[in-house]
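Engineer: Would you mind keeping the following structure in view while I ask a few things?
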Amino acid sequence: MSSSILHLQNVTIFQENIPILTDVNIDVKKGEFIYLIGKTGSGKSSLMKTLYADLDLQQGEGSIVGYDLRTLKEKDIPFLRRKIGIVFQDFKLLPDRNIFENLRFVLRATGWTNENDMVTRIEDVLDRVGMLQHIRKMPHQISGGEQQRVAIARALLNDPELILADEPTGNLDPQTSVEVMEVLKSINDNGRTILMATHDYALLLKYPSKTIKCDESKVFEVVQKTV
């Protein structure tokens with residue numbers, strides 16, 4: 001399926017050999033914005049971890065950004081993750097480096113060597129999320145919402161085909177959540193595919209989009225009004 005950027009078929013997700021989700025069938029097309037919802041402990045994070053190869057896919061068939069999750073080798077995981085941008089709830093910025101150095105660290109770790117190219121790329125992604133003016137600040141000098149914008153910029157560094165956002169507004173107040181959501185929607189409007197796990201049903205109402213739910217070990221699409 002050439003237009004599918006993520007495809008899972010008859011998948012069972014395990015956590016420490018215990019099946020968390022069974023008979024998972026998901027198909028994500030290029031350019032879609034999809035919410036992943038469900039209660040705490042319903043399997044959202046385990047599903048996300050399987051997608052970026054933090055958990056092995058042991059049962060079923062799965063492909064993501066051109067990689068077969070079932071046959072993925074350890075040495076290929078870094079290359080897979082360069083094609084996926086990951087945004088975490090707790091930002092995961094390095095506290096001892098300024099914003100520029102945080103992003104430069106990622107570029108060097110993923111094979112960039114030309115300093116001019118790195119500076120240009122960092123300035124470009126920070127500008128896209130409205131954070132270029134804070135490029136020399138330390139993480140503790142900016143707000144939580146601004147740190148999450150930087151985390152989104154970091155996810156864009158290697159021009160990923162897919163962004164996995166795991167509760168990106170979970171630590172933010174409602175107004176800041178809306179601001180971060182506007183950034184994500186803008187990125188999606190420019191053609192980037194986004195799968196976003198969230199507890200924030202207010203965002204689903206404000207920004208309706210295709211929604212899949214983890215519940216009672218199953219994953220299924222829900223109609224927006226029943227969320």
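The values are calculated or read from the model by the stated rules, or taken from the named source; none is laboratory data. It should be emphasised that the depicted structure is a prediction, and the values quoted were computed from it without experimental measurement. Note: ideal-geometry Cβ built from the backbone for every residue, glycine included; neighbour counts use all protein chains shown. Surface accessibility is based on the protein's heavy atoms, side chains included, excluding ligands, DNA and RNA. Shrake-Rupley method; radii C 1.70, N 1.55, O 1.52, S 1.80 Å.
Engineer: Hey, any hits in the stretch 103-112 for a residue that's at pLDDT 95 or above and out of contact with any helix residue (DSSP H, G or I) (no Cβ under 8 Å at 6 or more places or on another chain)?
Structural biologist: yes
Engineer: Could you tell me which of the residues 49, 83 is surrounded by fewer than 19 Cβ atoms within 10 Å (Cβ to Cβ), under 22 Å from residue 158 (Cα atoms), of a type outside the set (A, V, I, L, M) and in contact (Cβ under 8 Å) with a residue 12 or more places away in the chain? So that I can check it myself, show each step before the final result.
Structural biologist: On the way: 49 fails: in contact (Cβ under 8 Å) with a residue 12 or more places away in the chain.
Only one candidate passes the filter, namely 83.
Engineer: Moving on to the next point. Do you know which of the residues in the stretch 182-227 that are small (Gly, Ala, Ser) and touching an Asp or Glu at 6+ places or on another chain (Cβ under 9 Å) is nearest to residue 22 (Cα to Cα)? Don't jump to the end; show me each part of the working.
Structural biologist: Filtering the stretch 182-227 for residues small (Gly, Ala, Ser) gives 186, 191, 197, 202, 209, 217.
Within this subset, residues satisfying the condition of being touching an Asp or Glu at 6+ places or on another chain (Cβ under 9 Å) are 197, 209, 217.
Working: 197: 18, 209: 24, 217: 6 Å.
Only one residue fits best here, namely 217.
Engineer: Quick test of your reading of the structure: residue 145 fulfils all but one of (1) open to solvent by 40 Å² or more (accessible area, probe 1.4 Å); (2) assigned to a helix (DSSP H, G or I); (3) not aromatic (Phe, Trp, Tyr). Name the failing condition by number.
Structural biologist: The one condition residue 145 does not meet is (1).
Engineer: Separate question: Answer yes or no: is there a residue in the stretch 15-29 that is open to solvent by 20 Å² or more (accessible area, probe 1.4 Å), among the basic types (Lys, Arg) and modelled with pLDDT of 95 or more.
Structural biologist: yes
Engineer: Which members of the stretch 150-178 meet the condition of being at pLDDT 95 or above and either within 16 Å of residue 44 (Cβ to Cβ) or surrounded by fewer than 16 Cβ atoms within 10 Å (Cβ to Cβ) (or both)?
Structural biologist: Selection gives 163, 164, 165.
Engineer: How do the pairs read when you match residues in the stretch 89-116 that are open to solvent by 60 Å² or more (accessible area, probe 1.4 Å) and among the aliphatic types (A, V, I, L, M) with residues anywhere that are outside any loop (DSSP other than H, G, I, E, B) and at pLDDT below 95, using Cβ under 9 Å and keeping only pairs 6 or more apart or on different chains?
Structural biologist: From the stretch 89-116, the pairs are 109/78.
Engineer: Here's a follow-up. With respect to the numbered conditions (1) in a strand (DSSP E or B); (2) open to solvent by 30 Å² or more (accessible area, probe 1.4 Å), which one is the sole condition not fulfilled by residue 130?
Structural biologist: Going through the list (1) in a strand (DSSP E or B); (2) open to solvent by 30 Å² or more (accessible area, probe 1.4 Å), residue 130 breaks only (1).
Engineer: Given the conditions (1) in a loop (DSSP other than H, G, I, E, B); (2) at negative phi, which single one is not true for residue 41?
Structural biologist: (2)
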